[in-house]
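The structure appears below as structure tokens.
The values are calculated or read from the model by the stated rules, or taken from the named source; none is laboratory data. Computed from a predicted model, the values in this text were never measured in an experiment. Cβ coordinates were reconstructed from backbone atoms using ideal geometry, including for glycine residues, and neighbour counts include every protein chain displayed.
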Amino acid sequence: MAAADSYPPVGFHFKVEFDISGIGDNDFYFRDVSGLSVELEEETFGEGGENRFTHKFPVRASYPDLVLKRGLLVNSVLREWCEDAIYNLNIEPATVWVTVLNDQHEPLQVYTFVNAWPKKWNISDLNAQSSEIIIETLELAYQQFKIS
């Protein structure tokens, strides 16, 4: 193992990619990615005559929504994909890759989100008294994610 592979990666060097036709390079840049977790659901079963505890059995994996934040893009194929799903109910699931990069911009770890579809889109509040950029938030539901 090389010394460069032994340190913990930084959380600010990543890219997000989509398999959506016509998407441009600007649609890959995000400020924040959250929802990278998985939890095993469980089912409890109370055994007759046993009152000290219940049995717990694993059922299936459960995934929270993938939340992506970036500065608002006026002309965005990604946003058009979201609008088409939300306004027209034309749901076209896509694969999304979130890739953690090393200092040479090479992939360290790839999170692949399968059958992702837009669930929610919003922008930050507009405030004439602050000098902040408008933040666009995309919330995606998906079937599962894989780590490679």
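Would you please name the residue that is surrounded by the fewest Cβ atoms within 10 Å (Cβ to Cβ), looking only at residues in segment 106-148 that are among the aliphatic types (A, V, I, L, M) and in a loop (DSSP other than H, G, I, E, B)? Lay out the reasoning, then the answer.
Within segment 106-148, the first condition is being among the aliphatic types (A, V, I, L, M), and the residues that meet it are 108, 110, 114, 116, 123, 126, 128, 133-135, 138, 140-141, 147.
From the residues that got through so far, the ones that are in a loop (DSSP other than H, G, I, E, B) too are 126, 128, 133-134.
On the way: L126: 8, A128: 5, I133: 11, I134: 12.
Within segment 106-148, the match that is surrounded by the fewest Cβ atoms within 10 Å (Cβ to Cβ) is A128.
Across segment 45-88, which residue is nearest to the chain's Cα centre (by Cα) among those that are β-branched (V, I, T) and assigned to a strand (DSSP E or B)? I'd like the intermediate steps shown before the answer.
Of segment 45-88, the ones β-branched (V, I, T) are 54, 59, 67, 74, 77, 86.
So of that shortlist, the ones also assigned to a strand (DSSP E or B) come out as 59, 67.
Details: V59: 23, V67: 5 Å.
Among those that are β-branched (V, I, T) and assigned to a strand (DSSP E or B), it is V67.
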Being more than 21 Å from N26 (Cα to Cα) and touching a strand residue (DSSP E or B) at 6+ places or on another chain (Cβ under 8 Å) is the requirement here; does A85 meet it?
no
Test for H55: is it in contact with a Ser or Thr (Cβ under 8 Å, 6 or more places away or on another chain) and either surrounded by 11 or more Cβ atoms within 10 Å (Cβ to Cβ) or at pLDDT below 90 (or both):
yes
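I'd like the residue in segment 92-113 that is among the hydrophobic types (A, V, I, L, M, F, W, C) and either in contact with an Asp or Glu (Cβ under 7 Å, 6 or more places away or on another chain) or at pLDDT 95 or above (or both) and, out of all such residues, is nearest to Q143 (Cα to Cα).
Looking only at segment 92-113, we keep the residues that are among the hydrophobic types (A, V, I, L, M, F, W, C), and these are 94, 96-98, 100-101, 108, 110, 113.
Next cut, either in contact with an Asp or Glu (Cβ under 7 Å, 6 or more places away or on another chain) or at pLDDT 95 or above (or both) only: 94, 96-98, 110, 113.
On the way: A94: 11, V96: 11, W97: 14, V98: 15, V110: 17, F113: 7 Å.
If we take residues in segment 92-113 being among the hydrophobic types (A, V, I, L, M, F, W, C) and either in contact with an Asp or Glu (Cβ under 7 Å, 6 or more places away or on another chain) or at pLDDT 95 or above (or both), then F113 is nearest to Q143 (Cα to Cα).
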